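Encoded as C-alpha cells, the structure appears first; notes follow it.
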Amino acid sequence: MMLPNGWEMVVGLEVHTELKTKTKLFCGCANEFGSAPNSQVCPICLGLPGSMPVLNERAVELAMAIGFALNCTIQDSTFHRKNYFYPDMPKDYQVSQYDLPINARGYLDLPDGSRVSIERAHMEEDTGKTTHLGTSGRIHGADRSLVDYNRSGVPLVEIVSGPDIRNPQQARDYVAELRSILVAIGASDGRMEEGSLRVDANVSVHKPDTPFGTRCEIKNLNSLRSLTRAIEYEALRQIDVLEDGGSIRQETRHWDEDRGETSTLRVKEEAEDYRYFREPDLVDLAPDQAWKDRVLAGLPKLPAQRRRDLEALLTNPTDAQRDGVTTVVDLDLDLYVEGVAQAHGDVALAVARAANELAAANEKLANLSVANFVTTVAMEQSGQLSATQAKTVLGELLEKGGDPASVAKAKGFEQLSTDSLSATVGELITANPDEWQRFKDGDDKLAQFFIGLVMKATKGQANGKAVIAELQSRR
Amino acid sequence: MKSALEIAAAVRGGQSALVAVEESLTAIRARNEELNVFLYVDEDGARAAAARIDEQVRRGEDPGLLAGVPIALKDNLCTTGIPTTCSSKILEGWKPPYNATVVDRLVAQGAISMGKTNLDEFAMGSSTENSAFGPTRNPLDPARVPGGSSGGSAAAVASNMTPVSLGSDTGGSIRQPAALCGLVGVKPTYGLVSRYGLIAFASSLDQIGPFAQSVSDAALLLEVIAGHDPLDSTSLPEPTPSLLAHVADGVAGKRIGLVRELVDGADEDVVRAVNKAVETLKDAGATIVELSIPELHLGLSAYYLIAPAEASSNLARFDGVRFGNRVDGEDVTAMMEATRTAGFGAEVKRRIMLGTYALSAGYFDAYYGQALKVRTRMIEAFATAYQQVDMIIGATTPSVAFEFGSKTNDPMAMYLNDVFTIPTNLAGEAAISVPFGTGEANLPIGVQLLGPGRSEARLFAAARVLEIADGRA
C-alpha cells in the first residue's frame, strides 16, 4: 500500500510465542492447550506461598534454537521480576528477562529479499486467563472474574524486531516467515488462533529523511489479517491526526477486529512502573559452549534454505510454483516432492499435488507414504490417470490408505483402450458436425468442448491428453 | 528435657517415642498460655508420629538420626494440612498442600513436629511483638521479649517445650533470639538449606536454621536439613557437609579475627563477654587478630533497602485471589486493596512501602542500585578478612533481652538490634550465636562466630570450646 502525501510508516513487531515443551517453564505441570480450567496447576504455577521456580532446560534449548535460527548472539542471561497486580498473575509479578536476554542482535531475511533486524528474543512465563463476567467485560465493574491458571507459567519467547518494517505486507511476510521458522525448529506449533503466537505492533509515521514519529503499540493482533489491517488503519489514523495539525500521544491501543479500528487502551502516563529487579529465586543462566553446540547441531534446515532447495529442482519456476513451494515447506511436505525428484518424476506436478491435495488433508498424511505419492504422480504423468483421477486417488489414499494401483482399479480408473477412445471420438464428431467444422477451421477453443463430451461419455475415464491427440490426428 | 541426641539414642534403643512427646506436650500445656510460643499444637499428629516410629523400631528399622525428637517449626514453614500463618491475619486458616523441604527431611529422619511457633509477621521484626496473634514472652523473664523474628521457636527451646526448633534468619532472626534466650542459633551459608516451602521475606537473604540448647544438637539438626534440593535453584550443589563429627575439633592453630565493628556500640556487659570469649579461644590455642571492617557499618542501610524491596514483591501474591483471607470489594482491584489493607500489620505495610519506593523508576539507582553496590563491597570486605583469618568473633546483639514496648515506637531503634547480624546475610555466609556468660539481670549474652561460606563445621568447633568454658556441657 502507498501512504498519502509522501508519508512513510515505521513498524516494529513484538512476537510472543509459546514454546512447545512438555512441561511449564518453572514447574512440572503439563503445557497443554484446552484442558479443563485449573486442571494443569501446582503450588509453583499457582504462586502458593513458599513455592520456588526451577528453570525448564528444554525451554532454554528451544529459546537458544530460536536465537540460532534468527542469527542472534546467544549470551549469558538473567531473570527479572516484572511487578504488577493482576488476578491472572499468580505471584503478582511475571518472571521475565530484562537487561540481559538470552538472545540479542540478530536478523531475519524475508522472501522478498528485505532484512529485518532482531533486537532480542527473551524468555518469560505466560500468565493465566481471566474472564470478566458482567456488562463491562473488563476488570473494572465486572460482577465476577473467573481465572484459569492452566496457561500460567507456560514458557514464552518474546521476539522483538527493530523498527525496520515499512508496510503491512512486509509485516505479514515477517510474521509468516517467523512462524514458519518456529514451526520448523519445533519451538512452537504456530497456532495464532489458539494464542500460541501473539503479535503486538509498534507503529509510527514520518516523512523519509526526518526522525521517526511517536509510536503507538497495538495489542491483540491474533491473525495475519488483523495484523495488516491494524497497521494500515493505525498509520492512516496517525497521518490524519498529524495533517490536522495534531500530535501523536505515545500510548497502547487495542485492535477491534469487528469494527476494524484501534482505540486507546492506556496512555504513557498511566503506564505501570514495573519495578524490575533480579529474580532472587533463580540463578544466572550461562549455557556452556558444549550445550550451545548441541542445540546448533540439532537445528534442522530452515524454511528459506528448504525453499531454495526445492526451487532448484524446478526449471524456471513460475510465481504459482514458488507459492506452491512455500506451501510445501510451511506444511513440511518437502519429502514428498523430494521423493518425486529422486524418482526422476515431474517435480512441478509433485509441487502442485502436494500444495493442493496434500495440503488440504494435512492431518491425514500418516496414511500416505512418500512411495505411494511418487507412484501416483508417475501414473498421472504417464497418462495412466487423468488429473481428476489422480486427485481422487490421492484423496482416497489420504482418507483410507492403500496403494495407488489398487485404489485406481477399485475406482474403475482403468485406462480406456485407444480403439475404444477412437470410436467414442468418432461418434461425437458425427453427432456435432458444426463444432467439428469450426475446430477443423482452426478454432482451438473447441478442443475443450469435445474433451468435455468425451469425459461425460466415458464417465471421466478418458485422459485429456489422449483425447487431444485423437482430435488432432483427425483434424 | 533431654537433648535431641539423647532422645534419638534412647528411641533407637527401644524407648517409646511417646515419652518425649508427652513430656513436650506437658511443657507446652504448662506455659504456652503465658508465653504464647505455639500458634498451633499438633497434639494428635505428634502422638501418631510417635506411634509410627515405635512401630518402625519394633520392626527393626532405623527411624533416623532424629528418631522421636520433638521439634517446633516457625510458622513461616509450610506443613501439609497444618495451618501456616506467618503470624499474619492475611494467611489465617490457610493450610498448605505441601511440606517445606526441611520438614520432609526432618520427618524422614524421625523428628516429630509438635506444631507451629509465633513470629513477627512475615518474619519482619526483632522482638516477636509484630505478630498478629500477640507477642511471645521470653521464658527467662516474661517481662522481656524473646527477640525475633523467630521468637516463638527460640522460646520453645528455652522453655523446654522442645529440645530443638527451626527458625529462619534474614537479618539475624535466628541468632538474635538465640542470644536473647540463651540458646545456640545458626544462620547457615546461603544455599546450604533449601528454602522450598519457606514463605519468603527477602529471598536473597533468607536461610532456615536450627535453635538448640547445645552446639551438638544444633550441628545434628543442621546436618539433617542441609544439602542440595532440586526444588530450590539457589541451593548449593555440593554434598551435605559433615558437622556433628567435627564439633570436638577445637580451635588449636585457628586464626580468629576480633572485628571492632561487631562490638562497637554494644552494652558493657556484652563487650565484656566477647572479650572473655576471645581469651577463652586464645587459651584453647587460637591466634587472635584484631581487625577493622569499616564496610560493616553500611550493612544496616543496605539491608533496609534490599530486604523491603524483595519483600514488596514477595508479598504481592497475598491478594485474596487464590488463598488466605479475602475482603470483598466492588471489583477485583478493590478486593485486592481491601484484603491487603485489612490483612497486613503496620510493620509489614511499612516495609512494603519502603521496598516499593526503593524499586520505583527514578529512585532505583539511588536506593536499591546503591544498596546492591554496598552488598558487593561487603562481600569483598569479608573475603579480604578471610584471607587473614579462619573466622571472626563479635557480639550477636548490642544488649541482653529488652522489655516489651521499649522499642516499638521507634523502628530505627528496633532495626539497630540487627546491626551485628545483618552483614552475614548480605554476604551469604555462615554465623553462629552461642550463649556465653550473663549480663544485666542475669540474662544470657550471645557471642557470634562468623565464617566464610560452608565454614559451619569450623564455627561449631569454636562454639563448642566456648560452650565448655561457659560450663554448659
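The values are calculated or read from the model by the stated rules, or taken from the named source; none is laboratory data. Note that the coordinates shown come from a computational prediction; the quantities given were computed from them, not determined experimentally. Glycine also receives a Cβ, built like all others from the backbone with ideal geometry; neighbour counts cover every protein chain displayed.
For B:Val327, which of the numbered conditions (1) within 13 Å of another protein chain (Cβ to nearest Cβ); (2) hydrophobic (A, V, I, L, M, F, W, C); (3) in a loop (DSSP other than H, G, I, E, B); (4) under 19 Å from A:Lys91 (Cα atoms) fails to hold?
(1)
Could you count how many residues in the stretch A:437-464 are basic (Lys, Arg) and surrounded by fewer than 12 Cβ atoms within 10 Å (Cβ to Cβ)?
The total comes to 3.
Output the residues belonging to the stretch B:447-462 that are surrounded by fewer than 23 Cβ atoms within 10 Å (Cβ to Cβ) and among the charged types (D, E, K, R).
B:Arg454, B:Arg458
Surrounded by fewer than 20 Cβ atoms within 10 Å (Cβ to Cβ) and more than 22 Å from A:Ala142 (Cβ to Cβ): is that true of B:Gly299 in this structure?
No: the conditions fail for B:Gly299.
Got at least one residue in the stretch B:47-65 being closer than 30 Å to B:Pro142 by Cα and buried (at least 24 other Cβ atoms within 10 Å of the Cβ)?
Looking through the stretch B:47-65, none of the residues is closer than 30 Å to B:Pro142 by Cα and buried (at least 24 other Cβ atoms within 10 Å of the Cβ).
Of these, B:Gly428, B:Gly439, which one is touching a Phe, Trp or Tyr at 6+ places or on another chain (Cβ under 7 Å) and not hydrophobic (A, V, I, L, M, F, W, C)?
Checking each option against the conditions leaves just B:Gly428.
Do we have B:Val271 as assigned to a helix (DSSP H, G or I) and away from chain A (no Cβ under 14 Å) here?
Against the criterion (assigned to a helix (DSSP H, G or I) and away from chain A (no Cβ under 14 Å)), B:Val271 qualifies.
Which residue out of A:Ser161, A:Ser152 is away from every other protein chain (no Cβ under 13 Å), surrounded by 19 or more Cβ atoms within 10 Å (Cβ to Cβ), under 22 Å from A:Ser196 (Cα atoms) and touching a residue at least 60 places away in the same chain (Cβ under 8 Å)?
Step by step, each of A:Ser161, A:Ser152 is checked, and only A:Ser161 is away from every other protein chain (no Cβ under 13 Å), surrounded by 19 or more Cβ atoms within 10 Å (Cβ to Cβ), under 22 Å from A:Ser196 (Cα atoms) and touching a residue at least 60 places away in the same chain (Cβ under 8 Å).
If you take the residues of the stretch B:333-377 that are farther than 23 Å from B:Leu296 by Cβ and hydroxyl-bearing (Ser, Thr, Tyr), which of them is surrounded by the fewest Cβ atoms within 10 Å (Cβ to Cβ)?
B:Thr341
Go through A:Asp99, A:Asp88, A:Asp109 for me and flag whichever is more than 30 Å from A:Arg166 (Cβ to Cβ) and of a type in the set (Asp, Glu).
Unique residue meeting the criteria: A:Asp88.
Can you tell which of B:Ser127, B:Ser131 is touching a residue at least 24 places away in the same chain (Cβ under 8 Å), of a type in the set (Ser, Thr, Tyr), outside the structural domain of B:Ala342 (by TED's automatic domain parsing) and under 18 Å from B:Glu33 (Cβ atoms)?
B:Ser131 is the lone residue from the list that is touching a residue at least 24 places away in the same chain (Cβ under 8 Å), of a type in the set (Ser, Thr, Tyr), outside the structural domain of B:Ala342 (by TED's automatic domain parsing) and under 18 Å from B:Glu33 (Cβ atoms).
If B:Ala27 satisfies all but one of (1) within 14 Å of chain A (Cβ to nearest Cβ); (2) assigned to a helix (DSSP H, G or I); (3) of a type in the set (A, V, I, L, M), what's the number of the condition it fails?
B:Ala27 satisfies all of (1) within 14 Å of chain A (Cβ to nearest Cβ); (2) assigned to a helix (DSSP H, G or I); (3) of a type in the set (A, V, I, L, M) except (1).
Does B:Ser235 fit the bill of being more than 9 Å from chain A (Cβ to nearest Cβ) and closer than 30 Å to B:Ala286 by Cα?
Details: more than 9 Å from chain A (Cβ to nearest Cβ): yes; closer than 30 Å to B:Ala286 by Cα: no.
Considered against the rule, which asks whether it is more than 9 Å from chain A (Cβ to nearest Cβ) and closer than 30 Å to B:Ala286 by Cα, B:Ser235 comes out as no.
Scanning the stretch B:254-268 for residues that are surrounded by fewer than 16 Cβ atoms within 10 Å (Cβ to Cβ) and over 18 Å from B:Ala385 (Cβ atoms), which turns out modelled with the lowest pLDDT?
B:Gly265
Taking B:Ser165 as the residue in question, decide whether it is away from every other protein chain (no Cβ under 14 Å), within 15 Å of the chain's Cα centre (by Cα) and closer than 18 Å to B:Val434 by Cα.
Details: away from every other protein chain (no Cβ under 14 Å): yes; within 15 Å of the chain's Cα centre (by Cα): yes; closer than 18 Å to B:Val434 by Cα: yes.
Yes, satisfied.
Only residues that are part of a loop (DSSP other than H, G, I, E, B) and free of Cβ contacts under 8 Å to residues at least 40 places away in the same chain: list them for the stretch B:291-319, please.
B:Ser292, B:Asp319
Regarding B:Val107, is this residue more than 24 Å from B:Ala218 (Cα to Cα), more than 14 Å from chain A (Cβ to nearest Cβ), in contact (Cβ under 8 Å) with a residue 12 or more places away in the chain and part of a helix (DSSP H, G or I)?
For B:Val107, the condition - more than 24 Å from B:Ala218 (Cα to Cα), more than 14 Å from chain A (Cβ to nearest Cβ), in contact (Cβ under 8 Å) with a residue 12 or more places away in the chain and part of a helix (DSSP H, G or I) - is not met.
Is it true that B:Leu73 is surrounded by 22 or more Cβ atoms within 10 Å (Cβ to Cβ) and not in a loop (DSSP other than H, G, I, E, B)? Walk me through how you get there before you give the answer.
Numbers: surrounded by 22 or more Cβ atoms within 10 Å (Cβ to Cβ): yes; not in a loop (DSSP other than H, G, I, E, B): yes.
Answer is yes for this residue.
Restricting to the stretch B:76-104, count the residues that are crowded, with 20+ Cβ neighbours inside 10 Å and either of a type in the set (Val, Ile, Thr) or in a helix (DSSP H, G or I) (or both).
Looking only at that region, the number is 8.
Kindly check whether there is at least one residue in the stretch B:332-344 that is within 25 Å of the chain's Cα centre (by Cα) and not basic (Lys, Arg).
Within the stretch B:332-344, one or more residues are within 25 Å of the chain's Cα centre (by Cα) and not basic (Lys, Arg).
Going by what's in this entry, would A:Ser152 be described as out of contact with any strand residue (DSSP E or B) (no Cβ under 7 Å at 6 or more places or on another chain), in a loop (DSSP other than H, G, I, E, B) and either modelled with pLDDT of 95 or more or not assigned by TED's automatic domain parsing to the domain that holds A:Asp209 (or both)?
Details: out of contact with any strand residue (DSSP E or B) (no Cβ under 7 Å at 6 or more places or on another chain): yes; in a loop (DSSP other than H, G, I, E, B): yes; either modelled with pLDDT of 95 or more or not assigned by TED's automatic domain parsing to the domain that holds A:Asp209 (or both): yes.
The answer is yes for A:Ser152.
How many residues are modelled with pLDDT under 85, more than 33 Å from the chain's Cα centre (by Cα) and of a type in the set (Ser, Thr, Tyr) when one looks only at the stretch A:369-423?
Residues in the stretch A:369-423 being modelled with pLDDT under 85, more than 33 Å from the chain's Cα centre (by Cα) and of a type in the set (Ser, Thr, Tyr): 5 in total.
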